[in-house]
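Down below is the structure, laid out as structure tokens.
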Amino acid sequence: MLRIAVPNKGSLSGPAGDMLHEAGYQQRRESKELRIVDPVNEVEFFYLRPRDIAIYVSSGRLDIGITGRDLLIDSGADAEEILPLGFARSTFRFAGKPGAATGVEDLKGKTVATSYEGIVAGHLADHGVEASVVHLDGAVETAIELGVAEVIADVVETGTSLRNAGLEVFGEPIMKSEAIVIRRTGADAEELKVQQFLRRLQGVLVARTYVMMDYDCRVEQLEKAVALTPGLESPTVSPLHNEGWVAVRAMVPAKEAQRIMDDLYDIGARAILTTAIHACRL
Ligand SMILES: Nc1ncnc2c1ncn2[C@@H]1O[C@H](COP(=O)(O)OP(=O)(O)OP(=O)(O)O)[C@@H](O)[C@H]1O
Ligand SMILES: O=P(O)(O)OC[C@H]1O[C@H](OP(=O)(O)OP(=O)(O)O)[C@H](O)[C@@H]1O
Ligand SMILES: [Mg+2]
């Protein structure tokens, strides 16, 4: 049975559960459940604190886990990223009162508050900067106002929390993060159950980003039309009963679907339809 760590709380928890559900796995019904078995798919899910997941996976007791890239790096655990999942996207940045600093090199002798001590200490060391790091569990933005630190390093998504605290980012982003699947470093990459799990999640990612497009066009326009809808490998082209017309079917990126429909219409395609993809294996 495959043993998988899933975030039990916080920003990663809801979207991770939704994705696993879309991939056909049974998920917990109640937020207090700590583990469930999905006997049909032969998977056991452990609901753990996001910060602890890399540690469990690196111990080898759990096969894979879903966590944030920033949490994996912060933990220093012996685990590696095997699939980015596209949700809980954020950047990790320094911030302070306007004019407090312009880059990491200005932090010598200063105090930095953060919940991600591992990332910050590593980044300071990479730049040869000696600064103090104060660990706080959350609401780090308030640390400056209350005099605990001169600058902070924190997760930034929309920037609203920083703005509300009168702070500004400075310097280059320390890292970009999103939810990821991890496994123990060097674990068997060919393990069939792991491969099947990853294929299911990849199927969800494709189903979320692509739609199926169908349309009819005149044979003379086919090359132009196919250039607009190349599909992933090559579009399906079938003859219509009316001579001189063909039906074309191809996957297109959902974000571009409306523009592609306009362009197809302009070159004479008709009966242009898009439909959602519910699941897929590429
Ligand atoms: N506002 C946000 N937008 C996107 N991702 C976020 C945001 N806040 C935290 N994350 C991501 O969530 C993960 C941290 O999860 P964790 O549960 O520790 O904190 P949280 O989501 O802030 O929850 P809480 O603070 O309520 O405990 C990290 O990967 C982080 O990048
Ligand atoms: O750029 P934004 O869209 O404002 O998002 C970033 C904020 O979200 C998280 O805080 P959270 O709400 O989890 O509170 P916490 O600081 O107590 O963890 C993070 O720590 C930032 O403070
Ligand atoms: Mg938080």
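Of note:
Yes/no per residue for (1) among the aliphatic types (A, V, I, L, M); (2) under 18 Å from the mean Cα position of the chain (by Cα); (3) farther than 30 Å from VAL6 by Cβ; (4) in the same structural domain as GLU117 (by TED's automatic domain parsing):
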| site | (1), (2), (3), (4) |
| --- | --- |
| HIS135 | no, no, no, yes |
| ALA153 | yes, no, no, yes |
| GLU157 | no, yes, no, yes |
| ARG183 | no, yes, no, no |
| GLY203 | no, yes, no, no |
| GLN221 | no, no, yes, no |
| LYS224 | no, no, yes, no |
| GLU243 | no, no, yes, no |
| VAL246 | yes, no, yes, no |
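- Taking the conditions (1) hydrophobic (A, V, I, L, M, F, W, C); (2) modelled with pLDDT under 95; (3) surrounded by fewer than 17 Cβ atoms within 10 Å (Cβ to Cβ) in turn, ALA187 satisfies each one other than (3).
- Condition met for THR102 (within 15 Å of ligand 1 (Cβ to nearest atom), among the β-branched types (Val, Ile, Thr) and modelled with pLDDT of 95 or more): no
- Pick from the range 10-51, criterion more than 22 Å from ALA279 (Cβ to Cβ) and touching a helix residue (DSSP H, G or I) at 6+ places or on another chain (Cβ under 7 Å), ranking: nearest to ligand 3 (Cβ to nearest atom): GLY10
- Picking from residues in the range 224-240 that are among the β-branched types (Val, Ile, Thr) and not in a strand (DSSP E or B), the one that is surrounded by the most Cβ atoms within 10 Å (Cβ to Cβ) is THR229.
- The residue list ARG259, ARG270, ARG218 contains one member that is surrounded by 15 or more Cβ atoms within 10 Å (Cβ to Cβ), at pLDDT 95 or above and among the charged types (D, E, K, R), which is ARG218.
- Selection of the range 30-59 for residues being part of a loop (DSSP other than H, G, I, E, B) and surrounded by 13 or more Cβ atoms within 10 Å (Cβ to Cβ) yields ASN41, ARG49.
- Just one of (1) in contact with a helix residue (DSSP H, G or I) (Cβ under 6 Å, 6 or more places away or on another chain); (2) more than 15 Å from ligand 3 (Cβ to nearest atom); (3) farther than 25 Å from ARG281 by Cβ; (4) acidic (Asp, Glu) fails for ASP74. It is (2).
The values are calculated or read from the model by the stated rules, or taken from the named source; none is laboratory data. Please read these numbers as outputs of a predicted model, since none were measured by experiment. Here the Cβ is made from the backbone with ideal geometry for all residues, glycine too, and neighbour counts use every protein chain on show.
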